[in-house]
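Below is one structure, written out as structure tokens; the observations come after it.
The values are calculated or read from the model by the stated rules, or taken from the named source; none is laboratory data. Keep in mind the model is a prediction, meaning the values are calculated, not measured. Please note: Cβ atoms are built from the backbone with ideal geometry, for glycine as well, and neighbour counts cover all protein chains shown. Please note that ligands, DNA and RNA were not included when accessible areas were found on the heavy atoms of the full protein model with its side chains. Shrake-Rupley method; radii C 1.70, N 1.55, O 1.52, S 1.80 Å.
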Amino acid sequence: MNSTIETILNHRSIRSFEDTPLEDKTIRTLIESAQQASTSSYMMAYSIIGVTDENKKQALQEISGHPHVTNNGHLFIMCADYRRITYGMDEEVRDDVEKNLENTEHLMTAAIDAALAAQNMAIAAESMGLGMCYLGSLRNDITKTDEILNLPGHVAPLFGIAVGVPAEQPEKKPRLPMEAVYFENEYKEHKDIIEEFNQNISDYYASRSSNQRRDTWTLQMQRRFKKPVRMDVTDFLKSKGFNKR
Ligand SMILES: Cc1cc2nc3c(=O)[nH]c(=O)nc-3n(C[C@H](O)[C@H](O)[C@H](O)COP(=O)(O)O)c2cc1C
């Protein structure tokens, strides 16, 4: 196994960091790594905001509810971004372009581009011995997150990435069996595999070193999806010129 794969297979989210800010050259390496990810049609449809202002970090932590939003080596926020594509564009096509950007397809493209860049950053960070945790919880109040970052039209916050020197080493979290995520040629129902996985994951939750509980993956999903969540996101995205049709 080579060291890249070892880094990838050693991943676990880190939610407790030493009080050590990342050096500028580390931040630049992480951004450069993110930028080298493949990007749909060379659109590079994302921006990354580094948040260093303590008041902003505090406000973002209140939205997220997670202490690792303020306690980290550096906080990055990944945003979908089509703002720059109209810079300098011919006036006569601008209206058509803005109308076309309303298509859900373009929001998907920006979210995919941003996620690929983010995961490049995550692997780069972990390869340097740093830890990281994604922060979708910034969408608990997406409008407020947007305001804090002062994002213009056609730019929307997607998720954060807290990076820093790990102050914990949690166990690796088990993943679904490969037979539940990889199929040849066509989709295959796999209820029995999930039942077996639930048994295994319940043993993991009962025996792990911290935050032990009785739980299964299906119960987790049931709790997650039985109530509506973040119902304001659709209208917010529409207000930014995304996902209107
Ligand atoms: C898009 C995304 C958003 C996430 N948001 C949060 C978050 O807001 N807070 C948090 O503590 N973890 C967050 N996570 C981390 C997941 O909970 C974690 O990756 C998952 O439970 C698997 O654990 P592992 O990364 O340790 O293997 C997020 C992960 C992703 C991919």
Could you check how many residues of the range 131-167 are within 17 Å of the chain's Cα centre (by Cα) and open to solvent by less than 50 Å² (accessible area, probe 1.4 Å)?
21
Say we look at the range 1-37 and pick out the residues that are among the polar types (S, T, N, Q) and open to solvent by less than 40 Å² (accessible area, probe 1.4 Å); which of these is nearest to the ligand (Cβ to nearest atom)?
Ser13
Yes or no: the range 191-204 includes at least one residue that is under 26 Å from the mean Cα position of the chain (by Cα) and part of a loop (DSSP other than H, G, I, E, B).
no
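Looking at Ser13, Ser33 in this structure, which one is polar (S, T, N, Q) and in a helix (DSSP H, G or I)? Give the derivation first.
Values: Ser13 fails: in a helix (DSSP H, G or I).
Exactly one residue qualifies, and that residue is Ser33.
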So, in the range 135-177, of the ones that are small (Gly, Ala, Ser) and within 11 Å of the ligand (Cβ to nearest atom), which residue ends up farthest from Thr104 (Cα to Cα)?
Ala162
Please give the number of the condition Asn120 fails out of (1) surrounded by fewer than 17 Cβ atoms within 10 Å (Cβ to Cβ); (2) in contact with a helix residue (DSSP H, G or I) (Cβ under 7 Å, 6 or more places away or on another chain).
(1)
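If you go through the range 217-233 one residue at a time, do you hit one that is basic (Lys, Arg) and in contact with a helix residue (DSSP H, G or I) (Cβ under 6 Å, 6 or more places away or on another chain)?
Within the range 217-233, the subset basic (Lys, Arg) is 223-224, 226-227, 230.
In the following step, the residues that additionally are in contact with a helix residue (DSSP H, G or I) (Cβ under 6 Å, 6 or more places away or on another chain) were identified as 230.
Checked the range 217-233: at least one residue is basic (Lys, Arg) and in contact with a helix residue (DSSP H, G or I) (Cβ under 6 Å, 6 or more places away or on another chain).
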Is it true that some residue in the range 164-180 is in contact with a Leu (Cβ under 6 Å, 6 or more places away or on another chain) and either of a type in the set (D, E, K, R) or farther than 30 Å from Asp95 by Cα (or both)?
no
